[in-house]
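First the structure, in the form of structure tokens, and then the observations on it.
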Number of protein chains: 2
Amino acid sequence: MKIGIVGLGLIGGSIGLALRDPRREVVGYDAYPEAAELALKRFCVDQVQSLEEVCQADVIFVAVPPSVCVSLLAKIAQLRGPDTVVTDCTSVKAEVAAWAKHAKAEWFVPGHPMAGHEKGTAAFASAWMFRGATWLLTPTRRTKTSATKVVSGLIEEMGAKPARLDAEAHDAHVALTSHLPHVVASALAAMSDGDAAMRTAGPSWRDMTRVAESDPELWTQISLGNRAALAETLGRLEGKLAEFREELLRDVPDAAVLRGFFESGRLAKVKTTMDKEPQ
Amino acid sequence: MKIGIVGLGLIGGSIGLALRDPRREVVGYDAYPEAAELALKRFCVDQVQSLEEVCQADVIFVAVPPSVCVSLLAKIAQLRGPDTVVTDCTSVKAEVAAWAKHAKAEWFVPGHPMAGHEKGTAAFASAWMFRGATWLLTPTRRTKTSATKVVSGLIEEMGAKPARLDAEAHDAHVALTSHLPHVVASALAAMSDGDAAMRTAGPSWRDMTRVAESDPELWTQISLGNRAALAETLGRLEGKLAEFREELLRDVPDAAVLRGFFESGRLAKVKTTMDKEPQ
């Protein structure tokens, strides 16, 4: 089996490392020769090839920035081998799914691994990146079942759990669980006013601002790609924070209201954590 | 040397474990016998004693909820040995510092370890809790230098770095670096609407909501103790989120504005991380 990876950054590089196996060939392409060079040096791929050659693989993982994903998929549609299955990794699925429907790309399985971190490039790629992670797939009605099956199999080999949902639900959900946290982390980090306050920063500050180090260009594209859903969750969060603040500013704040706020957060968090326990 | 710990929860228990040493005796007291029992079982203290006996220690760490701290300090002021040094661990220092000035407690060093996590009780106490953490001290003008020195020495033994600042600056800084993150984590966690969305939660959601599991009663007390400063940081955060949301909702959002938002967060985060590197 030949695996092709288009886009050799943190995610593409990690897919390469996670799928390395003597039984198969992993080849990669990146528009930036230095990125391809780095991925090769770090053993993320067995070989760097041209886009044309990579498109002859049995399965292609496309791991490129959202802004170029659809135009690249259109190119791959022209170049791919007759049985090549293709999947992508972008964080917003509406645009990609619309393209797939329009292009009648039954060989294409839109995907989104819920993994990654704030350090970019293949320099930080890891074979363990996807272990235990959920890997969302949003096949369209046109996507061939066999294509979804092949991609799911490789995802499981990487240690991740494939989960199917439709593109619209996907975008609404990740607006809350991924895009909103990134915006909040950036807003918080930007509030760090000077060294004096930062001397007092402990583990909660560190964790809450971790992803603020992510690539600004990538997150601009993601935010624009999921505008309406992201704006909706932002509005809801602002409302919750304002309610808490207004209670604090009352002449005599009601401790029960504040406690109720923390309790509902705690209950929801404990429930989520329990749901995630291994069965 | 005899160390006394009043309040044998997560923090008190961890202090006991961190200071265990054949050269000294670590004794503890907790108003709840089950809490004291648990701390003893987990080797957090060598002995459980009455408050009167614990007050004969050379140094006493008070690690109790904010709502009872001052009344307990007043009691300890009556019971303490003639040379006993006392320090506390509450997250808000204004009330404690005011009491110390009023009581002319020159033997008292207000303190606040920037450590801990969302799992409470001595069951989760750890000798490593304070390694590498900053431990803030806000001595009043009355606090004896020798008392601050003794407490600082023990803090360093636990692997933490003592740092001095005044109580007012402390409360303003931790409103941003600790209290705000806790409120935001709770608000986010409470938004987790059902299992469908939570299937898509990855590492950024997990980290951003980690501290939502903290004790609601404790965080209600902390929020009430630092009302004005916390409300101010909440208002600033709401403003930043609203700006981002309004840009998203424009007919044609300006990508440069969104990028600028993420960039300022990234720059601030990278700077903080670099400042924290070991010298």
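Hey, does segment A:101-121 have a residue that's part of a helix (DSSP H, G or I) and of a type in the set (A, V, I, L, M)? Within segment A:101-121, none of the residues are part of a helix (DSSP H, G or I) and of a type in the set (A, V, I, L, M). The single condition from (1) part of a loop (DSSP other than H, G, I, E, B); (2) touching a residue at least 24 places away in the same chain (Cβ under 8 Å) that residue A:22 fails is (2). On the given criteria, is residue B:126 surrounded by fewer than 20 Cβ atoms within 10 Å (Cβ to Cβ) and either more than 7 Å from every other protein chain (Cβ to nearest Cβ) or of a type in the set (Val, Ile, Thr) (or both)? Yes, satisfied.
Quick check on segment A:193-252: of everything there that is polar (S, T, N, Q) and closer than 21 Å to residue B:190 by Cβ, which residue is farthest from the chain's Cα centre (by Cα)? Within segment A:193-252, the match that is farthest from the chain's Cα centre (by Cα) is A:204.
Can you go through B:71, B:67, B:50 and tell me which one is hydroxyl-bearing (Ser, Thr, Tyr) and under 20 Å from residue B:16 (Cβ atoms)?
After ruling out the rest, the residue left standing is B:50.
To keep it simple, each residue is scored yes or no on (1) assigned to a helix (DSSP H, G or I); (2) within 23 Å of residue B:174 (Cβ to Cβ).
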| site | (1), (2) |
| --- | --- |
| B:26 | no, no |
| B:64 | no, yes |
| B:73 | yes, yes |
| B:77 | yes, no |
| B:81 | no, no |
| B:90 | no, yes |
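Residue B:246 falls short of the stated requirement of being at negative phi, at pLDDT 95 or above and in contact with a Leu (Cβ under 9 Å, 6 or more places away or on another chain). The single residue among B:83, B:88 that is over 27 Å from residue A:270 (Cβ atoms), among the acidic types (Asp, Glu) and loosely packed, with under 15 Cβ neighbours inside 10 Å turns out to be B:83. For beta carbons closer than 7 Å, sequence separation of 6+ or different chains, a first residue in segment A:126-142 that is in the same structural domain as residue A:92 (by TED's automatic domain parsing) and a second that is of a type in the set (Val, Ile, Thr) and at pLDDT 95 or above, the qualifying pairs are A:135/A:155; A:137/A:109; A:137/A:148; A:137/A:151; A:139/A:109; A:139/A:148. For segment A:140-147, the criterion of a residue being assigned to a loop (DSSP other than H, G, I, E, B), in contact with a strand residue (DSSP E or B) (Cβ under 7 Å, 6 or more places away or on another chain), at pLDDT 95 or above and buried (at least 20 other Cβ atoms within 10 Å of the Cβ) is satisfied by at least one position.
Taken together, B:103, B:31, B:57, B:74 contain a single residue that is surrounded by 24 or more Cβ atoms within 10 Å (Cβ to Cβ), of a type outside the set (Phe, Trp, Tyr) and either modelled with pLDDT of 95 or more or over 17 Å from the mean Cα position of the chain (by Cα) (or both), which is B:57.
The values are calculated or read from the model by the stated rules, or taken from the named source; none is laboratory data. Everything numeric in this text was worked out from a predicted model, so none of it was measured. Cβ atoms come from the backbone with ideal geometry, glycine included; neighbour counts cover every protein chain shown.
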